[in-house]
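Peer 1: Sharing a structure, written as structure tokens. Questions coming.
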Amino acid sequence: MEIIDILLAASFWEAAIRIATPLIFGVLGALVCERAGVLNLGIEGIFTAGAMAGWMAVWLGAGLWGGILVAALAGGFFGLIHAILTVPLGLSQHVSGIGVTLLATSLSYFTYRTALPDVSSPPRIEPFRPLDIPFLSDLPFIGQALFSQTAMTMLALVLVFVTGWVLYRTPLGLAIRAVGDNPSSVEAQGLSVYALRIGAVVVGSSFMALGGAFLTMSAFDAFFFGMINGRGWVCIALTVFASWRPGKALIGALLFGAFDAFQVRLQTEVGAFLPSQVFLMMPYILSIIALIVVARKADYPKALLVPWFKGQR
Amino acid sequence: MIRFEPRSNPGPFLIYGVPVLAATIAILLAAIPLALAGAPIFKAYGLMITGAFGSVFSVSEMLTRATPLILTGLAAAIAFRAKLWNIGAEGQLYMGAMAAVAIGSGVVDGPSWVMIPLIILAGMAAGALMLIGPTLLKTRLGVDEVVTTLLLNFIVLLFVQMMLEGALKDPMSMGWPQSEPIIDSAIFPPLLERMRVHIGLIIALGCAVALAVLVKRTVWGFEIRAVGENAPAARFSGISVTKTMVLVAALSGGLAGLAGVSEVAGTRGYLATDLSPGYGYAGIVVAMLARLSPVGVIASALFVASVFVGADSMSRAIGVSSYLADLIVAMALLCVLIGGFLTRFKVHFDRKSTAG
């Protein structure tokens, strides 16, 4: 009975959507890159860079939306490095991605430590406030669960629809999907494979950075070392789970958020019997299970990981 | 426009020169963050060099750091050769360390020549099992091993934390989550008196040579290379890809596990959750700088270790964040990746765009 009570509480769904928000940004970013044929393992570092850069911009007085812009630009910058190495140069997407993660993470930490050499408690910013939309926020249940989230959650939801619309309803989306399945066919139409792939990786990476920025500018109000804690890798798993579709990405992230919110509440009920680490492991174990479940029927973009060179047939 | 033309046979200058050049460029690029941090650049470089090579003590520290890096570097090198993307060396290292502590902290006792091989075997087995699981998931079900090995790093670290607060907790540790110390007979003896560098270094060097022989001179090595270069062709010629992959996983995970054993039994003496400052991830850089050559891993591990030790000592002296070391290492990885491209392709700059 307690389980039913947990699941029916608006506060539970409020938490689930809050936990899902950075994952929505991350999975959308990863799927835009992978749809164009480029695996972006820079995601973990790009999350870190977005979290640090966005927070620092706000802390320096750029304002919250200025912070969002700075985070997106930082993500795009690291995405561009990954794109140049993997698209025109055709280098290993695995190794380049790990390299970008190491670079973005260490650069973020170095910058933070250099700007704030000896602070013991991290300085705080004024983060995004919960929305108070007239009428909508006062609705029972959904008013608290959805319409009292912050503007960044709304941005994530809008981005789901925009990404889906661009990918499936525009010529640009058709070209991006084609470049991840059969790049030579795109070349034959007179479009630039390089430009499409680089563009997709840069845009996807800036989405990822927003996921990081959500953590420092909306969920919390400060930057901590190690705060990303594998969220980026979880997104890579969720992207496979979502079969590279924005709508399913939203559902996957929400399921994941609901599960995470649920286990936190379960922990307060049965926490005395199990060590806390068992609960903390759950998100990672769940990601691996999600991967195993869909592995057999996963329909990877056909040209994912396959470098393509101009003039090749 | 720019054209790339494949090189059939890169000469020794490119093969050995490019990684050295990449490492040098990475070090020089560090001048930019140093300057932005307002540090005296030449003094900083000088402090880094003396920090890593300035005295017997600092060389001993550098070699102590290089020991786990050689082992995780070998772990990445052998796995990447077979295109098994093991990014989980960090977790395998901790599992190895935990197995060593579980056996080597007093449950059994014996002379050193029994205890040291025993904890090594236990640690290697634990590390190997950690990678065989994801490898079987990959070969049987097609589950991407990159994500599973990455996620396992987080799971293992939480598991270690749980064990250190539970079954493996040292009752004498005043509440700190750390294991009981490794007993004297299982401790890796130091190589120099009053220095930290220990017998683990000799073991790591031995592993590098053994792995080089295995890759170059045995049928197994041939099969590993064949599977890495073209798995369908290897399968067609009668090589069991699954068997080869599992063998590679056992070797790679085992080497990473051994790095953990060497750290608890040689350097630290007990297990805590801060045993490794990312040796598993740095091993990937070591392997790439070595162009996946087992003997080359020794040289690149020495380079990465001196960057870490040098930057640590420099940052203590003039107050620049020691994350500079991680930054240099990351830049070295990206530079050597680009360098690898230049060894495989000639770059032509044509005046006029040539069609077709």
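Peer 1: What pairs can you find where one residue is in the stretch B:247-276 and farther than 15 Å from B:Pro190 by Cα, the other is among the aromatic types (Phe, Trp, Tyr) and crowded, with 24+ Cβ neighbours inside 10 Å, and their Cβ atoms are less than 8 Å apart, with a gap of 6+ or different chains?
Peer 2: B:Ala259/B:Tyr279; B:Gly260/B:Tyr94; B:Leu275/B:Tyr94; B:Ser276/B:Tyr94
Peer 1: Another question about this same structure. For the stretch B:164-189, how many residues meet the condition of being buried (at least 20 other Cβ atoms within 10 Å of the Cβ), aliphatic (A, V, I, L, M) and farther than 19 Å from B:Leu258 by Cα?
Peer 2: Counting residues in the stretch B:164-189 that are buried (at least 20 other Cβ atoms within 10 Å of the Cβ), aliphatic (A, V, I, L, M) and farther than 19 Å from B:Leu258 by Cα gives 1.
Peer 1: Then there's this: Return the total of residues in the stretch B:173-210 being touching a Gly at 6+ places or on another chain (Cβ under 6 Å) and not in a loop (DSSP other than H, G, I, E, B).
Peer 2: Quick first cut of the stretch B:173-210, residues touching a Gly at 6+ places or on another chain (Cβ under 6 Å) only: B:181-183, B:186, B:188, B:198, B:200.
In the following step, the residues that additionally are not in a loop (DSSP other than H, G, I, E, B) were identified as B:186, B:198, B:200.
Residues flagged as touching a Gly at 6+ places or on another chain (Cβ under 6 Å) and not in a loop (DSSP other than H, G, I, E, B) within the stretch B:173-210 amount to 3.
Peer 1: Quick one: which residue in B:Ile155, B:Ile132 is within 18 Å of B:Ile78 (Cα to Cα), at pLDDT 95 or above, hydrophobic (A, V, I, L, M, F, W, C) and buried (at least 18 other Cβ atoms within 10 Å of the Cβ)?
Peer 2: That would be B:Ile132, the only listed residue that is within 18 Å of B:Ile78 (Cα to Cα), at pLDDT 95 or above, hydrophobic (A, V, I, L, M, F, W, C) and buried (at least 18 other Cβ atoms within 10 Å of the Cβ).
Peer 1: Looking at A:Thr170, A:Thr216, which one is surrounded by 24 or more Cβ atoms within 10 Å (Cβ to Cβ) and either of a type outside the set (A, V, I, L, M, F, W, C) or over 13 Å from A:Phe25 (Cα atoms) (or both)? Explain how you work it out, then say what you get.
Peer 2: Details: A:Thr170 fails: surrounded by 24 or more Cβ atoms within 10 Å (Cβ to Cβ).
A:Thr216 is the lone residue from the list that is surrounded by 24 or more Cβ atoms within 10 Å (Cβ to Cβ) and either of a type outside the set (A, V, I, L, M, F, W, C) or over 13 Å from A:Phe25 (Cα atoms) (or both).
Peer 1: If you don't mind, another one. Mind telling me which of the residues A:Leu80, A:Leu73 ends up being under 16 Å from the mean Cα position of the chain (by Cα), more than 8 Å from chain B (Cβ to nearest Cβ) and either more than 20 Å from B:Arg344 (Cα to Cα) or crowded, with 24+ Cβ neighbours inside 10 Å (or both)? Please lay out each step first, then the result.
Peer 2: Numbers: A:Leu80 fails: under 16 Å from the mean Cα position of the chain (by Cα).
When all the criteria are applied, what remains is A:Leu73.
Peer 1: Give B:Ala77, B:Ala100, B:Ala82 a once-over and let me know the one that is among the aliphatic types (A, V, I, L, M), under 17 Å from the mean Cα position of the chain (by Cα) and modelled with pLDDT of 95 or more.
Peer 2: Numbers: B:Ala100 fails: under 17 Å from the mean Cα position of the chain (by Cα); B:Ala82 fails: modelled with pLDDT of 95 or more.
From the options B:Ala77, B:Ala100, B:Ala82, the qualifying one is B:Ala77.
Peer 1: A further question follows. Got a sec? Which of B:Leu251, B:Leu255, B:Leu289 is crowded, with 22+ Cβ neighbours inside 10 Å and modelled with pLDDT under 95?
Peer 2: Numbers: B:Leu251 fails: modelled with pLDDT under 95; B:Leu255 fails: modelled with pLDDT under 95.
Answer to the selection: B:Leu289.
Peer 1: Same structure, new question: Take the residues of the stretch B:145-191 that are within 14 Å of another protein chain (Cβ to nearest Cβ) and of a type in the set (Ser, Thr, Tyr): which is nearest to B:Gly104 (Cα to Cα)? Spell out the reasoning first.
Peer 2: Restricting attention to the stretch B:145-191, the residues satisfying the condition of being within 14 Å of another protein chain (Cβ to nearest Cβ) are B:145-169, B:177.
Those left that are additionally of a type in the set (Ser, Thr, Tyr): B:148-149.
Details: B:Thr148: 29, B:Thr149: 27 Å.
Across the stretch B:145-191, the extreme among qualifying residues is B:Thr149.
Peer 1: Let me spell it out: the conditions are (1) surrounded by 18 or more Cβ atoms within 10 Å (Cβ to Cβ); (2) in contact (Cβ under 8 Å) with a residue 24 or more places away in the chain; (3) within 14 Å of chain B (Cβ to nearest Cβ), and A:Thr114 meets all of them except one. Which number is the exception?
Peer 2: (2)
Peer 1: Is there any pair with a first residue in the stretch B:160-186 that is over 24 Å from B:Ile116 (Cα atoms) and a second that is modelled with pLDDT of 90 or more and of a type in the set (A, V, I, L, M, F, W, C) whose Cβ atoms are under 8 Å apart and which are 6 or more apart or on different chains, and what are they?
Peer 2: Within 8 Å, the pairs are B:Trp176/B:Ala272; B:Pro177/B:Leu164; B:Pro177/B:Ala272.
Peer 1: Among the aromatic types (Phe, Trp, Tyr), within 30 Å of A:Pro307 (Cα to Cα) and either more than 18 Å from the chain's Cα centre (by Cα) or part of a helix (DSSP H, G or I) (or both): is that true of A:Phe110 in this structure?
Peer 2: Details: among the aromatic types (Phe, Trp, Tyr): yes; within 30 Å of A:Pro307 (Cα to Cα): no; either more than 18 Å from the chain's Cα centre (by Cα) or part of a helix (DSSP H, G or I) (or both): yes.
Judged against the criteria, A:Phe110 is not a match.
The values are calculated or read from the model by the stated rules, or taken from the named source; none is laboratory data. On a predicted model such as this, the values are computed, not experimentally measured, just so you know. Quick reminder, even Gly has a Cβ in these numbers, built from the backbone with ideal geometry, and neighbours come from all protein chains shown.
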